[in-house]
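Heads up: the structure comes next, in structure tokens.
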Amino acid sequence: MADPVFVDANIVMDLLAKRVPFHVAAEELFTLSHRGKVKLKVSSLTFSHVHYILAKQKGREFSRNKLRQFKVLIEVVGVGDRIIDLALSSSFKDFEDAVQYYAAVESNCGVILTRNLKDYKESQIPVMTAESFMKTWSDGLT
């Protein structure tokens, strides 16, 4: 199996909130994970961010149930001192993106998936959308 893939919170929200039209690629991505074809990682921050947004939109129980179901598809990367120190010292404009980036780097991910490509200009590892990743994935299978 290839290097793990780091998934930004916006892709998780696309899946769990079924945000049109982005949920299609997110569903395909997480189906690959479910089938054991790709290893996906998210930071622990993602759970708090997504829960906050989903709970406001759909209620606390809905959010927790969705996150329980989602958790079996991914590995959660903890955010500790080293990641915070790296993010604080980085040249990323957005601190949360820096934390996500260093969580990906520290967990040996080979790519970051996000819809906010411009937020990862400082990235030293490839950054792409879920749609681009799925296209690359399907092209590699044919």
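We did not get these values from a lab; they are worked out from the coordinates using the rules stated. Keep in mind that what you see is a predicted model, and the values were worked out from it rather than measured. Glycine also receives a Cβ, built like all others from the backbone with ideal geometry; neighbour counts cover every protein chain displayed.
Of Lys37/Lys118; Lys41/Lys66; Lys41/Lys135, which ones are farther than 26 Å apart at the Cα? Beyond 26 Å between Cα atoms: Lys37/Lys118. When the helices of the chain are scored as -39500 (n - 2.57) per DSSP H run of n ≥ 4 and the total is divided over every residue, the value at 222 nm lands at -17000 deg cm²/dmol.
Positive contributions from Lys and Arg (+1) and negative ones from Asp and Glu (-1), summed over other residues with Cβ under 13 Å from the Cβ of Lys71, come out at +3. What shape does the chain take by its C-alpha gyration tensor, where a ≥ b ≥ c are the square roots of the eigenvalues and a/c under 1.5 counts as rounded, a/b above b/c as prolate, and the rest as oblate? Oblate is the answer for the chain, as a/c is 1.5 or above yet b/c matches or exceeds a/b. What number, in percent, do you get for the relative contact order of the chain if the mean sequence gap of Cα pairs under 8 Å and at least 6 apart is divided by its residue count? Reported as a whole number, the value is 29 percent. Residue exposure proxy: Met13, Met128, ordered by other Cβ atoms within 10 angstrom of their Cβ from fewest to most, comes out as Met128, Met13. 3J(HN,Hα) along the stretch 122-133, derived from phi through the Karplus expression 6.51 cos²θ - 1.76 cosθ + 1.60 where θ = phi - 60°, amounts to 7, 5, 9, 10, x, 10, 8, 7, 4, 4, 5, 4 Hz, with x in place of Gly and Pro. Between Val77 and Val42, Ser43, Ser44, the built amide H atoms are under 5 Å apart, and every one of these is 5 or more places off in sequence or on another chain.
Ordering Glu61, Glu122 from the fewest to the most neighbouring beta carbons within 10 Å gives Glu61, Glu122.
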